[in-house]
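Asks: After the structure tokens below, expect a handful of questions from me.
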Amino acid sequence: MTNREIASKLGISPAALSLIINHKAGVSDETRIRVLNELKEIGYEHLIKDLPSVSTNNICFIIYKRHGEILDNHPFFLLLMENIENQARHYGYNIILNTVDKRYPIEPQIQRINDLGCKGAIIFATEMLDDDILYFKNLQIPFVSLDNDFSRLDCNTIAINNQMGTYQAINYLISLGLKRIGYLKSTIRISSFIERELGYQTALQSFGYNFLPEDILDVHYSEEGCYRDLRDYLSTKKDNSIAQAFVCDDDTIAGGAIRAFHEFGYKIPDDISIIGFNDRPSCEVTLPPLTTINVSKHAFAVEAVDELIRLINLPYSSESRCRKIRIGTRLVIRKSVKN
């Protein structure tokens, strides 16, 4: 049988079969285990490639999915990959991509990573909560967590200085004379979003302003979901009861907000100013182009690889302490704020 016929017989796509037999991420553990077993049963075990040699200098880049609702809408890790690969290559290492999905048993997924024989791992921890990182105590190699600080836990991390970012946004809006500033927050709470909202609140207070609870709006994390939620909100409001500006958890939410405000006749930025967070490539082509907070993908990636190499080369010592590194942010001014 051809690979396409085998895939059809096993009830999966040819692409999924290729991922499984080459030990690549992108397929659930449940499906992977089933297909590997069935390939053996039907006599096609020879299609399964050998695992990478343990002698190779490999670093595992682990994408952790708690629910997938953030990563599926904004695969930020894809924007980091080239920089991570380049920096790893500088040290003589290759990158192996792997996914750990909480919707399936974690232990066999961790064991599969241990079996790869990598020298270390970078865990993309955007969707993680504190209890999630504890699964990786069984990881038998040094690792660094990326995009989550886990401030109370003993692990090495590289994270965004989220409160710095929202302070920069508030400072800019207030410097332009805007006083009533709202916040659009995702109904999905991750550590970065929690820190950004806290930064918004403390920044307003540092300038002598109080935030109004009615100006902090919960919206679904997708451009379409935010658009629908704000459309419902605006249908009940009068012009003078809406904030002059909104800072958003990230650019995805800002995009949905702009659509909703436009539909109800508000001009951006003449009537309402909007600031996003992350500086996705699409920010330059929104209407109007989005003022946002930039996170340096290069700095993020380089720090993660550099810190992991330090851990790989660091001899064990009872005096060693974890390090938590924060990457600074920068306000990028475009056309979505009235000046």
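Asks: Can we say ILE194 is among the β-branched types (Val, Ile, Thr) and within 15 Å of VAL337 (Cβ to Cβ)?
Replies: Details: among the β-branched types (Val, Ile, Thr): yes; within 15 Å of VAL337 (Cβ to Cβ): no.
For ILE194, the condition - among the β-branched types (Val, Ile, Thr) and within 15 Å of VAL337 (Cβ to Cβ) - is not met.
Asks: Across the stretch 289-311, what is the number of residues that are over 21 Å from ASN171 (Cβ atoms), in contact (Cβ under 8 Å) with a residue 12 or more places away in the chain and of a type outside the set (Val, Ile, Thr)? First the steps, then the outcome.
Replies: Here is the first cut: in the stretch 289-311, the ones over 21 Å from ASN171 (Cβ atoms) are 297-311.
With in contact (Cβ under 8 Å) with a residue 12 or more places away in the chain added as a condition, the list becomes 297-309, 311.
Going one step further and asking which of them are of a type outside the set (Val, Ile, Thr), we end up with 297-301, 303-304, 306-308, 311.
Qualifying residue count for the region: 11.
Residues checked against (1) assigned to a helix (DSSP H, G or I); (2) surrounded by fewer than 16 Cβ atoms within 10 Å (Cβ to Cβ):
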| residue | (1), (2) |
| --- | --- |
| LYS237 | no, yes |
| PHE261 | yes, no |
| TYR266 | no, no |
| CYS283 | yes, no |
| ILE293 | no, no |
| VAL302 | yes, no |
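Asks: Could I ask something else about it? Could you say whether any residue in the stretch 7-24 is over 22 Å from GLU107 (Cα atoms), surrounded by fewer than 16 Cβ atoms within 10 Å (Cβ to Cβ) and touching an Asp or Glu at 6+ places or on another chain (Cβ under 9 Å)?
Replies: yes
Asks: If a residue must be at pLDDT 95 or above and either under 16 Å from ASN156 (Cβ atoms) or not charged (D, E, K, R) (or both), how many such residues does the stretch 324-339 contain?
Replies: Residues that pass the stated criteria total 11.
Asks: Sort out which residues of the stretch 96-115 are over 17 Å from the mean Cα position of the chain (by Cα) and surrounded by fewer than 19 Cβ atoms within 10 Å (Cβ to Cβ), and write them in order of number. Show your work before the answer.
Replies: Kept after step one, since they are over 17 Å from the mean Cα position of the chain (by Cα), are these residues of the stretch 96-115: 96, 103-115.
Correct list: ARG103, TYR104, PRO105, ILE106, GLU107, PRO108, ILE110, GLN111, ARG112, ASN114, ASP115.
Asks: Between a residue in the stretch 1-18 that is in the same structural domain as ILE42 (by TED's automatic domain parsing) and in a loop (DSSP other than H, G, I, E, B) and any residue that is among the small types (Gly, Ala, Ser) and surrounded by 14 or more Cβ atoms within 10 Å (Cβ to Cβ), which pairs come within a Cβ distance under 7 Å, given they are 6 or more apart or on different chains?
Replies: SER13/ALA7
Asks: Check off (1) out of contact with any Leu (no Cβ under 8 Å at 6 or more places or on another chain); (2) modelled with pLDDT under 95; (3) in a loop (DSSP other than H, G, I, E, B) for SER320 and give me the number that stays unchecked.
Replies: Single failed check for SER320: (1).
Asks: Take the stretch 216-229 and flag every residue that is among the hydrophobic types (A, V, I, L, M, F, W, C) and in contact (Cβ under 8 Å) with a residue 40 or more places away in the chain. It would help to see each step written out before you state the result.
Replies: As a first pass, look at the stretch 216-229 and keep what is among the hydrophobic types (A, V, I, L, M, F, W, C): 216-217, 219, 226.
Across the stretch 216-229, the qualifying residue is only CYS226.
Asks: Got a number for residues in the stretch 186-239 being in contact with a strand residue (DSSP E or B) (Cβ under 9 Å, 6 or more places away or on another chain), farther than 24 Å from LYS267 by Cβ and among the charged types (D, E, K, R)?
Replies: So the count comes out to 4.
Asks: Now a separate question. Would you pick out the residues in the stretch 270-281 that are more than 21 Å from the chain's Cα centre (by Cα) and surrounded by 21 or more Cβ atoms within 10 Å (Cβ to Cβ)?
Replies: If we filter the stretch 270-281 for residues that are more than 21 Å from the chain's Cα centre (by Cα), which is where we start, we get 270-274.
Across the stretch 270-281, the qualifying residues are ILE272, SER273, ILE274.
Asks: Still on this structure: Of the residues ASN313, ASN339, which is more than 30 Å from TYR266 (Cβ to Cβ), more than 24 Å from the chain's Cα centre (by Cα) and surrounded by fewer than 18 Cβ atoms within 10 Å (Cβ to Cβ)?
Replies: On the way: ASN339 fails: more than 30 Å from TYR266 (Cβ to Cβ).
From the options ASN313, ASN339, the qualifying one is ASN313.
Asks: Give me the strands (runs of 3 or more DSSP E) completely within the stretch 95-190, filtered to those with at least 1 residues that are out of contact with any helix residue (DSSP H, G or I) (no Cβ under 8 Å at 6 or more places or on another chain), ordered by residue number. Working first, answer last.
Replies: Working: elements: 120-124, 143-146, 157-160, 181-186.
In the stretch 95-190, the matching strands (runs of 3 or more DSSP E) lie at 157-160.
Asks: Tell me which of these ILE242 doesn't satisfy, since it passes every other one: (1) modelled with pLDDT of 95 or more; (2) surrounded by fewer than 23 Cβ atoms within 10 Å (Cβ to Cβ); (3) aliphatic (A, V, I, L, M).
Replies: That leaves (1) as the condition not met.
The values are calculated or read from the model by the stated rules, or taken from the named source; none is laboratory data. In this text the structure is predicted, and so the values were computed from the model without any measurement. Cβ atoms come from the backbone with ideal geometry, glycine included; neighbour counts cover every protein chain shown.
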